[in-house]
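Reviewing the structure listed below.
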Amino acid sequence: MCQILQGKPSGPLSFEKQEILRHTFTAWCNSHLRKAGTQIENIEEDFRNGLKLMLLLEVISAERLPKPDKGKMRFHKIANVNKALEFISSKGVKLVSIGAEEIVDGNLKMTLGMIWTIILRFAIQDISVEETSAKEGLLLWCQRKTAPYRNVNVQNFHISWKDGLALCALIHRHRPDLIDYSKLRKDDPIGNLNTAFEVAEKYLDIPKMLDADDIVNTPKPDEKAIMTYVSCFYHAFAGAEQAETAANRICKVLAVNQENEKLMEEYEKLASELLEWIRRTIPWLENRVAEQTMHAMQQKLEDFRDYRRVHKPPKVQEKCQLEINFNTLQTKLRLSNRPAFMPSEGKMVSDIANAWKGLEQVEKGYEEWLLTEIRRLERLDHLAEKFKQKSTLHKSWTTGKEELLSQKDYESASLMEIRALMRKHEAFESDLAAHQDRVEQIAAIAQELNELDYYDAATINARCQGICDQWDNLGTLTQKRRESLERVEKLWETIDQLYLEFAKRAAPFNNWMDGAMEDLQDMFIVHNSFFVHTILITAHDQFKATLPEADKERMAIMGIHNEILKIAQTYGIKVVGENLYTVLSPQDISNKWEAVKQLVPMRDQTLQEEVARQQSNERLRRQFAAQANIIGPWIQTKMEEISHVSIDIAGSLEEQMSNLKTYEQNIINYKSNIDKLEGDHQLSQEGLIFDNKHTNYTMEHVRVGWEQLLTTIARTINEVENQILTRDAKGISQEQLNEFRASFNHFDRVSNTWSLCMFFFLYFQKRNGMMDPDDFRACLISMGYDLGEVEFARIMALVDPNNTGVVTFQAFIDFMTRETAETDTAEQVMASFKILASDKLYITVEELRRELPPEQAEYCISRMTKYIGGDAPPGSLDYISFSSALYGESDL
């Protein structure tokens with residue numbers, strides 16, 4: 001079109017096309033010139049003197065041109081043509097390559113180009129349909145009008161018109177009484193075209209500009225000729241456009257309603273699914289049934305980690321998306337002047353937030369319970385193993401003691417044997433007293449296992465009870481044997497003192513070695529290297545310091561045995577058998593001593609391995625702390641930066657959105673650091689590390705901060721999107737928006753109400769982030785509002801529906817846009833329906849289906865109530881109550 005407006009048609013014109021355009025343009029010009037009582041016969045000849053050309057322009061523009069020159073000389077003709085061309089240029093048309101001399105010389109191609117330029121400017125350019133104009137507007141108008149007709153698909157201004165059905169459909173759409181469209185056939189293009197040409201010329205005053213044979217026999221009919229002829233139909237039917245405009249308004253309103261209903265249904269569905277997931281998850285987290293083994297509890301902990309890593313994050317995103325959808329829906333409802341959306345009972349955003357808060361509380365309690373149970377089971381396993389070890393040692397010591405104490409060997413023993421039995425019994429009593437502490441330790445461990453609710457407490461109690469009963473029996477048997485030996489003590493002689501001394505000294509030393517072996521093999525559980533160094537290693541070093549003194553005692557005991565051998569050798573005494581006063585032999589002492597010496601380095605190695613383990617744990621603590629001490633402040637810094645971006649009023653909303661999107665991408669890219677910290681945290685828990693003095697940040701702190709950061713960036717982006725939606729929907733210019741968001745040094749109360757109200761709002765907002773009612777009243781008064789108490793209470797109910805006592809920025813913007821912008825109202829929709837119904841108070845199903853697209857027509861039919869009135873035909877619908885219901889003024 002730009003090519004044509006600037007001059008002659010692009011590319012060479014064939015003779016056939018020139019002739020078609022000559023015929024079409026001549027008929028078009030005559031359709032206007034006849035209003036002035038004249039016409040042309042030859043288009044390139046009759047416009048040469050410029051007189052009829054100027055007359056044509058006066059008719060189609062309804063304006064007066066300068067007075068033409070009356071002479072017949074060439075320069076007079078050129079002057080007249082130039083006046084016509086200057087008038088065309090004054091209408092905003094730039095003519096290229098078309099000069100007055102060429103028109104005066106009768107150049108057919110240039111003359112046709114000039115006429116086409118006139119047609120475009122005065123017949124086509126001003127056509128406007130649904131925000132499209134000129135050629136595109138004319139094409140859209142044809143598509144809209146012919147859409148309901150079979151075998152018609154208008155996509156262009158050439159081949160789409162070859163079969164004549166499109167022209168017949170245009171006529172039938174506006175004047176169904178002129179053509180019976182049902183009798184037309186697609187295989188009769190000549191008949192269809194001639195029918196349209198004849199009806200248009202006879203009844204619509206549109207002259208025949210085209211030839212049916214030229215259109216049918218040409219592979220691609222001339223676009224300019226078709227456009228010229230079709231534009232005449234547009235202007236002929238321009239009066240019918242009022243009904244089409246009304247139908248478009250109704251379609252727009254209904255489309256908004258349908259979209260809002262779809263968003264409401266999606267919100268209800270998402271809310272129900274999220275609440276159902278929370279309802280199913282909470283009982284699982286509230287289950288506090290403890291497992292009996294550490295492995296089972298570790299599996300519970302792993303299941304909980306899987307819930308945190310896999311199942312919960314998508315729900316966090318769904319919750320955030322649900323809030324965004326709700327805010328977007330409410331914004332669209334406000335912008336379309338619809339009532340606010342009220343979700344079903346229990347599905348408000350606050351209800352979902354409360355349910356989520358309850359879930360997180362239960363989740364936190366479940367994690368604390370898991371860790372407590374793991375510590376308890378760890379302690380139980382340690383105590384159970386210690387009980388088993390001590391019980392085994394005790395059983396080993398008591399084996400055969402009851403049988404020994406029950407013997408009556410003293411009845412047939414000699415004097416020396418009786419004395420030996422007496423001393424042996426005294427040594428046993430000493431050993432028995434030494435074992436009393438071990439029995440008490442076993443009982444204490446059993447009691448602690450019961451207090452910690454050990455799962456196999458019955459077995460522990462049974463074994464402990466058996467040990468206690470056996471110990472009591474040993475005490476009774478020991479007392480009875482002593483009494484028996486004392487009764488025959490007078491019969492016995494003094495026994496060998498050296499054997500007695502050996503027995504007395506060997507017994508406690510043997511008991512000491514048993515205790516040392518038990519301590520050297522004792523199990524331990526620690527959580528830091530400080531305890532290993534200060535308690536275990538110190539105690540072990542102290543024990544090793546006593547070894548020289550113990551070795552002296554061993555040498556002394558062995559010296560007694562050597563003294564016996566020496567005396568026997570000196571006096572020729574033959575020593576036969578074992579020491580009668582003790583079951584211990586020098587070899588037993590030596591063997592246990594060697595065992596003790598072997599256990600010492602083993603204990604050293606065990607402690608060093610524990611030191612290495614605790615050092616590894618300390619490295620894990622420092623590794624976790626190093627990352628946490630970076631990630632924690634980073635999250636806090638990003639929260640502050642996002643907050644600053646959201647309140648920054650220096651740039652446009654698009655700049656804010658770009659900055660927020662950049663922050664969002666940076667946050668997404670930072671996710672790998674959170675995952676690495678999760679990995680270090682898992683290693684720490686697997687190493688049973690439950691404290692970390694190197695950082696104040698726990699994994700729970702980082703998780704909560706991360707989730708808040710994700711939620712904050714998503715909500716902030718949604719708020720800016722809603723502000724952009726509000727700005728675009730209400731037609732607020734960029735300059736106005738800059739005024740809303742800038743601080744003023746002074747204001748003009750008379751010339752700029754918006755500037756004044758925004759000055760007040762920003763002035764008070766800088767003080768406390770909100771505007772209280774008194775400041776808001778002052779702002780309205782300064783804008784010229786006449787405020788009584790009732791009127792101010794009505795306005796406060798609009799900007800503060802929840803009675804919070806403050807006016808937010810979003811509420812302020814919504815109020816001002818409602819006050820200044822024009823929106824569709826129920827009355828406007830009623831007026832549109834009234835046009836479609838030909839001023840009736842009701843509308844029929846046939847009228848709705850004829851004037852509206854199928855989807856919108858069926859939407860109205862399904863929701864409109866039947867019209868109640870005596871003058872309406874059956875099946876009539878009430879469009880007045882339907883229009884009111886669209887804006888919440890009544891119920892459908």
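The values are calculated or read from the model by the stated rules, or taken from the named source; none is laboratory data. The structure presented is a predicted model; accordingly, all values stated were derived computationally and were not measured. Note that we place each Cβ from the backbone using ideal geometry, even for glycine, and neighbour counts take in every protein chain shown. The protein model used for the area step is the full one, side chains on, heavy atoms only, and it has no ligands, DNA or RNA in it. Shrake-Rupley method; radii C 1.70, N 1.55, O 1.52, S 1.80 Å.
List of remarks:
- From 354, 287, residue being modelled with pLDDT of 85 or more, open to solvent by 20 Å² or more (accessible area, probe 1.4 Å) and out of contact with any Pro (no Cβ under 7 Å at 6 or more places or on another chain): 354
- Put simply, of 664, 654, 640, 618 the only residue that is exposed (fewer than 13 other Cβ atoms within 10 Å of the Cβ) and touching a residue at least 24 places away in the same chain (Cβ under 8 Å) is 654.
- Residue match in segment 758-772 (condition: assigned by the TED database to the domain that holds residue 727, at pLDDT 80 or above and surrounded by fewer than 15 Cβ atoms within 10 Å (Cβ to Cβ)): yes
- Residue in segment 236-253 that is open to solvent by 10 Å² or more (accessible area, probe 1.4 Å), in contact with a Pro (Cβ under 8 Å, 6 or more places away or on another chain) and of a type outside the set (S, T, N, Q) present: yes
- Test: residue in segment 652-671 that is over 30 Å from residue 610 (Cα atoms), outside any helix (DSSP H, G or I) and either modelled with pLDDT under 85 or touching a strand residue (DSSP E or B) at 6+ places or on another chain (Cβ under 6 Å) (or both): yes
Residues are listed down the side, and each one gets a yes or a no for (1) of a type in the set (Gly, Ala, Ser); (2) crowded, with 17+ Cβ neighbours inside 10 Å; (3) assigned by the TED database to the domain that holds residue 337:
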site: 837; (1), (2), (3): yes, yes, no
site: 846; (1), (2), (3): no, no, no
site: 862; (1), (2), (3): yes, no, no
site: 870; (1), (2), (3): yes, no, no
site: 874; (1), (2), (3): no, no, no
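- Residues satisfying the stated conditions in segment 34-50, i.e. farther than 25 Å from residue 75 by Cβ and among the aliphatic types (A, V, I, L, M): 36
- Every residue from segment 32-49 that is buried (at least 17 other Cβ atoms within 10 Å of the Cβ) and closer than 17 Å to residue 119 by Cα: 32, 33, 40, 43, 44, 47
- Residue within segment 217-225 that is modelled with pLDDT under 85 and among the β-branched types (Val, Ile, Thr) present: no
- Residue ID - nearest to residue 430 (Cα to Cα), chosen from residues in segment 484-504 that are among the hydrophobic types (A, V, I, L, M, F, W, C) and at pLDDT 75 or above: 503
- Residue in segment 382-394 that is closer than 30 Å to residue 485 by Cα and not assigned by the TED database to the domain that holds residue 508 present: yes
- Here residue 682 fulfils each of the conditions (1) crowded, with 18+ Cβ neighbours inside 10 Å; (2) out of contact with any Phe, Trp or Tyr (no Cβ under 8 Å at 6 or more places or on another chain); (3) under 30 Å from residue 617 (Cβ atoms) apart from (1).
- Listed by position, the helices (runs of 4 or more DSSP H) contained in segment 210-320 that have at least 2 residues being farther than 21 Å from residue 354 by Cβ and among the acidic types (Asp, Glu) are 212-217, 241-286, 294-306.
- Scanning segment 288-306 for residues that are under 30 Å from residue 347 (Cβ atoms) and free of Cβ contacts under 8 Å to residues at least 40 places away in the same chain, we see that the one that is nearest to the chain's Cα centre (by Cα) is 306.
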